[in-house]
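The values are calculated or read from the model by the stated rules, or taken from the named source; none is laboratory data. In this text the structure is predicted, and so the values were computed from the model without any measurement. When we count neighbours, we look across all protein chains shown, and the Cβ atoms used for this are built from the backbone with ideal geometry, even at glycine. Calculation scope for accessible area: heavy atoms of the full protein, side chains included, ligands and nucleic acids excluded. Shrake-Rupley method; radii C 1.70, N 1.55, O 1.52, S 1.80 Å.
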Amino acid sequence: MFDDDIEYFIAKANEIGLLGPGKMMVFSDGVSTGALSALPTDLQNALSGAGRVLPVGCVNGETGVLFDHFRSFASKSQSWLDLRLNSRMPYEDWKLTPELMEDYYDVDVSCYVYDAVMAQGIAACDSYAQYGADYTRAQYLEKLQAVEFDSGASGRVEFDSATGNRRKDTGYYVLQNFLFDVSDESSSAPIKGTWNPSGGWDTSGFVFSDGTGSPPASVEPVDYSVCGPGFFYDLVLKTCGACSPGTWSAGGTDQCIVCGAGTFSEVSAAATCTRCAAGFSLSDNSGVLTLHDSAEDCTSCEAGKYVNTSGAPACHKCPKNHDSRLGQTSCSLCTFGYYLDESADPPACIACPAYASCAGGDSAPVPDEGYWSPYGDVFDSGTDDVGRVFECDTETCTGGVNAWCWTLVNYSKCDSDTIQCAAGSHGILCGTCIQDWVFSSFEQKCVECSSAGQVTLLLAIPAVIVVVLLATCAAQRLVPQDQAILHQGFYLQHIDKFKVLYPGLSILSSIGTVVEMKFPEPVATMLWLYSFVNIDIWSAIGLECWDSLRDLGPMNYHFKAIGTSLIPMALATLIWISWAILSALASGPTSEATKKRRVAITSQHSNATLLLSYIAYPMVSMTQFKSLRCSELDGLGVRYLRADTSINCNSPEFDVFVGRI
């Protein structure tokens, strides 16, 4: 206790009945006589009869705390100190001087402090002399325990070799008597008694608080154990009191303790404090009671911080690229440009993949237009594939839409096709058209079937056949022989060019599909223009939209490949049916003219068949090649047909189709 605390301490002691008749209070010399005399009159009166312990030599006569004796010790022992210290200290600034000792005179501290300074200095000098400047702590303590000297201030200085502490039996003390004179309201503090380790107290002439020389009777200590957990012993009321909210007690004590950091107590008589929940913190550590008396005193971790344990004094900052919302127990969110990979252990924020955007938080990578993500359990593979983005072959990939769906929480609530495929398309790379939609090679996306168009095409096919037959028949009957020869010459002149040009353009237009690469401009546009020569008879007559054909099997690309192969065969059959009809019509009396006509009919139908084969062969062969051409999504182990991504190239059905082809 020091001067600044004495008034509060004495007032509190008087309040709880520790002063007055039958009581005795003893102070150390850390409190000056002047501070005691400066107390209010009522407190001085209550304090009268108290004692004050001082080391021998720290007082002069019967008045107050003086250090004259210490100054005398320092000046008289200067030669001894020089001999003891200066011979070990090569540095002039480290030598002890009378001026240095006189500076300590004005310091109001115990005489023991000066003896400690001397002992520490001697031990340091001895350590330096033997071991040099790099002596160890153990070497220093060894020297300190060996220090011995006589101090007029507090007796002989020696140290216990077992504990390293100064031996208490070498100290000698006096007991000052603090007395208050009611008549003139003045105080005095004469020396009235001594103490030493062997003889104990000698209080002859000491005036106690009741005004007599008889010490107060010993008082049995208070049994605090009568107060259980959540209670304290009230020294004023002499009974147990309940701890107030914000404090706690384990019982058996005279005071309750303010809850520590990360804890609070909302109830009275709390045996323990409640820990703040994970995601919350409370930094005050048993300081202010009102900061611990409600759960609302626990502060939720701010965004960007977290704490995953209860009773935390502070929240932790999220790792780099990680983020959190208010009051979170983990940094399960990511900053902008990153997404959370839950497959990692622990989950980690990964840089956004190319051709995608990452809004941060719990958002998954959203693919750009023309790209597709397997996100959303397309393969029932969970969220492991969330960071993969693949380029689409057609214009069916719109890129991610509806940001609400592209989160770790909501992805399973949305349809993967709806949020990244154009209307009418679905599946891997949005590469398959749904029912009643057909893929348009011109638009490079799925278009809706037209029922009116189906009826028109259904009627147009037999109509075209009839017109062709009638036109052929009429040409044979009406065209003069010389004109027929002229027409045949024109046909022969241009058909050879067509036979070379058409297959060549068909091959060129299919290069991009075969080599699986995209060409730069203007090559890409040129190949796209050449693609018009690729006649897709199956799609041209809208067979994918015919409901009657769906009963024959799934309307996928394999069905189309088979149908495309059969259509030229059917047309060739119709050509020769036409030949049979026209040959029958040309029958009659055998003559040279009849023979020529039959030869002409056969020649025309043969040429038509050859022309059909030139037209159909590129179409059929390309369709067949596409029906076998598979690709694999890198890292997913999924092989699919590029022309129709609904077909799994690892399936038994695909193996059966390949065997048939």
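Key figures
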{"item": "Subset of the range 117-149 [surrounded by fewer than 14 Cβ atoms within 10 Å (Cβ to Cβ), of a type in the set (Gly, Ala, Ser) and closer than 20 Å to residue 166 by Cβ]", "result": "138, 146"}
{"item": "Any hit, the range 249-270, residues being touching a Phe, Trp or Tyr at 6+ places or on another chain (Cβ under 7 Å), acidic (Asp, Glu), in a loop (DSSP other than H, G, I, E, B) and modelled with pLDDT under 95", "result": "yes"}
{"item": "Enumeration of residues in the range 266-303 that are of a type in the set (S, T, N, Q) and over 31 Å from the mean Cα position of the chain (by Cα)", "result": "268, 272, 286, 290"}
{"item": "Close pairs from the range 6-21: first within 22 Å of residue 207 (Cα to Cα), partner polar (S, T, N, Q), Cβ under 8 Å, at least 6 apart", "result": "19/209; 20/14; 20/209; 21/209"}
{"item": "Identity of the residue in the range 398-409, buried (at least 16 other Cβ atoms within 10 Å of the Cβ) and not hydroxyl-bearing (Ser, Thr, Tyr), that ends up farthest from residue 363 (Cα to Cα)", "result": "399"}
{"item": "Count of residues meeting criterion [in contact with a Cys (Cβ under 7 Å, 6 or more places away or on another chain) and either at pLDDT below 90 or among the charged types (D, E, K, R) (or both)] in the range 331-364", "result": "1"}
{"item": "Check on residue 643, in contact with a Phe, Trp or Tyr (Cβ under 6 Å, 6 or more places away or on another chain) and either open to solvent by less than 60 Å² (accessible area, probe 1.4 Å) or in contact (Cβ under 8 Å) with a residue 60 or more places away in the chain (or both)", "result": "yes"}
{"item": "Residues of the range 292-320 satisfying the condition of being under 17 Å from residue 277 (Cα atoms), in a loop (DSSP other than H, G, I, E, B) and either aliphatic (A, V, I, L, M) or open to solvent by less than 20 Å² (accessible area, probe 1.4 Å) (or both)", "result": "292, 298, 301, 303, 307, 311, 314"}
{"item": "Number of the exception - residue 605 against (1) open to solvent by less than 70 Å² (accessible area, probe 1.4 Å); (2) outside any helix (DSSP H, G or I)", "result": "(2)"}
{"item": "Selection within the range 321-359 - farther than 26 Å from residue 399 by Cβ, touching a residue at least 24 places away in the same chain (Cβ under 8 Å) and open to solvent by 70 Å² or more (accessible area, probe 1.4 Å)", "result": "326"}
{"item": "Checklist (1) farther than 18 Å from residue 394 by Cβ; (2) touching a Lys or Arg at 6+ places or on another chain (Cβ under 9 Å); (3) of a type in the set (Gly, Ala, Ser); (4) crowded, with 19+ Cβ neighbours inside 10 Å applied to residue 616, failing item", "result": "(2)"}
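Residue-by-condition table, conditions (1) assigned to a helix (DSSP H, G or I); (2) under 23 Å from residue 432 (Cβ atoms); (3) out of contact with any Gly (no Cβ under 9 Å at 6 or more places or on another chain):
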{"residue": "578", "(1), (2), (3)": "yes, no, yes"}
{"residue": "624", "(1), (2), (3)": "yes, yes, yes"}
{"residue": "628", "(1), (2), (3)": "no, yes, yes"}
{"residue": "653", "(1), (2), (3)": "yes, yes, yes"}
